[in-house]
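The structure appears right after this line, and notes come after that.
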């Protein structure tokens with residue numbers, strides 16, 4: 001019994017493995033190239049993404065024909081070795097680098113950061129802070145000095161010193177002299193990540209320990225945490241009150257804003273008043289409208305007055321800020337969007353923010369483990385000992401350490417593309433010479449060296465991993481193949497169709513001459529206008545015209561003594577233009593009309609010729625002709641491809657795709 005059960009399990013497992021490994025049936029062949037039904041369906045479904053896939057016979061056959069055309073064109077491009085062209089591979093390399101960025105990051109950590117940012121956006125934190133400046137590239141001695149000062153202030157706060165007094169007296173933030181360290185309310189993605197995290201994790205009423213950002217050391221105190229107020233949109237009318245204003249100037253500004261307010265209360269249109277009276281010229285033209293904003297984006301007086309408005313259409317009383325007087329009208333309220341609708345926008349913000357370094361650091365750490373990163377610190381330290389002070393000047397040369405070839409670290413891949421790769425002292429020396437100005441650290445050679453070494457390790461790890469993305473991620477490999485096929489299709493179609501139709505002037509003209517009846521012009525009418533100076537000139541004109549004189553003779557005789565007696569113009573108009581012209585002439589040869597002009601002048605208009613429908617000249621029809629010529633070139637090309645690469649469709653497999 002046990003043996004039968006074991007046999008059944010083994011058979012079932014073997015069948016499942018065989019089934020999983022069974023290749024997808026061939027849907028069609030192009031020459032000696034097989035294209036599977038799964039490959040076709042993958043592209044077909046992707047082309048119908050966002051809508052229900054149509055598996056009807058006509059829809060499937062139409063797309064199959066297009067797909068066969070595409071595959072034949074790409075096959076010819078590859079047979080022509082276009083995939084080896086430098087321009088093609090340069091473009092592909094650029095795309096690969098862009099695409100790889102979304103893979104060379106810890107997506108799990110990024111997801112956590114996105115969720116954390118969204119949760120924090122739901123709250124606003126009222127903070128005060130003290131800043132002790134310290135450049136992120138400061139020498140160790142300067143960093144220690146800043147830390148000791150920050151720690152001394154922290155200890156004084158612990159002993160009960162007033163936070164606001166210490167901020168005013170000791171903070172390196174210039175605004176602290178006026179606001180005593182009070183930054184008002186902040187929310188996520190408004191300040192650097194370490195500051196934000198400390199603000200959201202410090203209990204209300206307490207202050208933090210000193211912590212470091214790229215600006216220096218901070219101590220913050222949390223005064224309050226409230227639910228997010230979301231965003232609003234307002235219009236405002238602004239009257240400036242400058243620091244140099246006299247008491248009289250300020251009084252005039254106050255009287256002006258009060259008068260405007262009374263006009264609004266009496267029913268005058270807010271937007272019209274904003275356009276004519278507001279001194280904020282950037283918004284006045286749009287009726288005072290400002291962009292949407294949330295907490296921390298406006299000066300506190302303006303922000304608080306704006307958020308105090310409860311209903312759309314409400315108008316504030318005049319509000320004084322450090323810039324002057326404002327009257328604010330609420331025109332929109334926007335609560336925080338749901339996580340699902342805001343997630344992708346938030347992800348882009350997170351990826352641009354300093355917190356993205358956490359995802360990068362996590363990825364580097366995991367990649368080191370994945371590829372068995374093994375480091376030779378002695379070789380690194382030896383190289384450092386040979387580097388002189390030219391490094392901090394940005395003038396160091398790799399040639400100064402010629403002969404140093406020890407391995408700094410190795411990376412080993414046993415799965416994707418089995419390989420152990422060594423990165424040596426010479427590799428790092430070349431990296432230093434090429435990139436030293438980006439990392440220039442005038443105060444400390446060791447800090448500069450360490451930063452460059454870490455960057456070299458990161459670049460090497462990412463490059464090693466990027467070279468394996470197509471093996472590790474089938475979706476990445478598919479996208480790269482699709483992009484390469486797209487480049488090849490574009491390049492070859494440009495050669496065979498688009499550029500050829502434009503550059504092949506002889507072929508284009510031959511095509512036009514063969515098909516010019518496809519480009520008919522409208523009927524046309526030729527009108528001659530005789531402009532006569534006065535009645536006397538007209539009388540002479542009538543007398544001479546009756547003798548059948550031609551235009552040249554008429555001009556010679558009438559203008560013999562006065563060159564302004566007669567002027568003749570001839571123009572040819574299309575039927576559509578003539579019909580809309582309302583000239584008063586009839587559409588028939590010989591039709592004429594006389595008009596009296598200014599200062600006694602007279603104008604005689606005559607229809608001298610009707611031109612029947614004829615083909616447009618090539619230059620006039622060029623756009624249409626080029627498009628049609630391109631279509632012909634495309635059809636001829638496809639026909640030649642069918643002959644060059646015979647196509648055979650497996651009808652049984654195709655029928656299995658079609659759903660009737």
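The values are calculated or read from the model by the stated rules, or taken from the named source; none is laboratory data. These figures come from a predicted structure and were not determined experimentally. Note that each Cβ is placed from the backbone with ideal geometry, even for glycine, and that neighbours are counted across all protein chains shown.
Residue 226 meets the conditions (1) under 23 Å from residue 294 (Cβ atoms); (2) exposed (fewer than 13 other Cβ atoms within 10 Å of the Cβ); (3) free of Cβ contacts under 8 Å to residues at least 40 places away in the same chain in every case but one. The failed one is (3).
Scan region 311-325 and tell me whether some residue there is within 12 Å of residue 233 (Cα to Cα) and surrounded by 16 or more Cβ atoms within 10 Å (Cβ to Cβ). No: region 311-325 contains no residue that is within 12 Å of residue 233 (Cα to Cα) and surrounded by 16 or more Cβ atoms within 10 Å (Cβ to Cβ). For residue 403, the conditions (1) modelled with pLDDT of 95 or more; (2) on the phi > 0 side of the Ramachandran plot all hold with the exception of (1). Given the structure, is residue 252 surrounded by 17 or more Cβ atoms within 10 Å (Cβ to Cβ) and at pLDDT 95 or above? Against the criterion (surrounded by 17 or more Cβ atoms within 10 Å (Cβ to Cβ) and at pLDDT 95 or above), residue 252 does not qualify. Screening residue 405 on (1) surrounded by 15 or more Cβ atoms within 10 Å (Cβ to Cβ); (2) farther than 30 Å from residue 73 by Cα shows it passes everything except condition (1). May I ask you to list the residues in region 101-120 that are surrounded by fewer than 18 Cβ atoms within 10 Å (Cβ to Cβ) and not in a loop (DSSP other than H, G, I, E, B)? Once the filter is applied, which keeps residues that are surrounded by fewer than 18 Cβ atoms within 10 Å (Cβ to Cβ) and not in a loop (DSSP other than H, G, I, E, B), region 101-120 yields 101, 107, 108, 111, 112, 115, 116, 119. Scanning region 60-84 for residues that are closer than 23 Å to residue 463 by Cα and touching a residue at least 40 places away in the same chain (Cβ under 8 Å) yields one hit, 83. Is there a residue being in contact (Cβ under 8 Å) with a residue 24 or more places away in the chain and in contact with a helix residue (DSSP H, G or I) (Cβ under 6 Å, 6 or more places away or on another chain) anywhere in region 240-256? Yes - at least one qualifying residue is present in region 240-256. Of all residues in region 65-92, those that are under 31 Å from the mean Cα position of the chain (by Cα) and in a helix (DSSP H, G or I) total 17.
Taking the criterion of being in contact (Cβ under 8 Å) with a residue 12 or more places away in the chain and touching a helix residue (DSSP H, G or I) at 6+ places or on another chain (Cβ under 9 Å), the residues of region 571-600 that qualify are 573, 585, 587, 600. Could you go through region 70-91 and let me know if any residue there is touching a strand residue (DSSP E or B) at 6+ places or on another chain (Cβ under 8 Å) and modelled with pLDDT under 90. No; the residues of region 70-91 include none that is touching a strand residue (DSSP E or B) at 6+ places or on another chain (Cβ under 8 Å) and modelled with pLDDT under 90. Residues to consider are 248, 301, 286; find the one that is more than 30 Å from residue 198 (Cβ to Cβ) and more than 33 Å from the chain's Cα centre (by Cα). Testing whether each residue is more than 30 Å from residue 198 (Cβ to Cβ) and more than 33 Å from the chain's Cα centre (by Cα) leaves just 248.
Can you find a residue in region 145-167 that is under 28 Å from residue 301 (Cα atoms), in a strand (DSSP E or B) and at pLDDT 95 or above? Within region 145-167 (the criterion being under 28 Å from residue 301 (Cα atoms), in a strand (DSSP E or B) and at pLDDT 95 or above), the answer is no, since none of the residues qualifies.
With the structure loaded, tell me whether residue 462 is under 30 Å from residue 77 (Cβ atoms), out of contact with any strand residue (DSSP E or B) (no Cβ under 9 Å at 6 or more places or on another chain), modelled with pLDDT of 95 or more and surrounded by 17 or more Cβ atoms within 10 Å (Cβ to Cβ) or whether it fails that test.
no
Taken together, the residues in region 426-451 that are out of contact with any helix residue (DSSP H, G or I) (no Cβ under 6 Å at 6 or more places or on another chain) and modelled with pLDDT under 85 amount to 3.
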